Amino acid sequence: MLINCARATGQPVRRRWLQALTTCAAAGAIAVGLAAQPAAAAQLIVWQAHGKDSGELEYSGDATWYGVVTVCDNEADGHGVYVKLTNEIGESRTWTDTGGSDGKCVTDDSYFAVNFIKWFRVCERINNLPDNCTEKVSITKGD
């Protein structure tokens, strides 16, 4: 009795190919479904330079209205740099970078409501003298 080898082995090969293709397609669909969704892009609200030093305020880009403050002391002059924000009811917050030209900035994304900020400025701390500050940048709703 003759056995048709091509036909007998062809069936399992086709079945294996079909299983492999199905498995790959399922794995691809799962990978696409589980891929990280892009985070909301931060939006720059204001950036100010003070010589080589700088400060910026970004909005986190989501419904929470969280702000992100960055202050960079890029001068090795012994004077720390700080960003100062004041809200609509007169409360102020500051963030300071005293690192000089170490190439590291201070960034803080702790909670504060960007939509209630009244103004922003960058200042250089001068010992025994009034601090040297940029002009206030007014921030109003809708800006």
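Other residues within the sphere of radius under 11 Å centred on the Cβ of Val69, judged by their own Cβ, net out at -3 (K and R +1, D and E -1). Each peptide in 113-120, 125-132 gets a packing score, the mean of other Cβ atoms within 10 Å over its residues, and the list from highest to lowest is 113-120, 125-132.
Just so you know, all these numbers are worked out from the coordinates, no wet-lab data involved. None of the values given here were measured: they were computed from a predicted structure. Because the Cβ atoms are built from the backbone with ideal geometry, glycine has one as well, and the counts that use them run over all protein chains shown.
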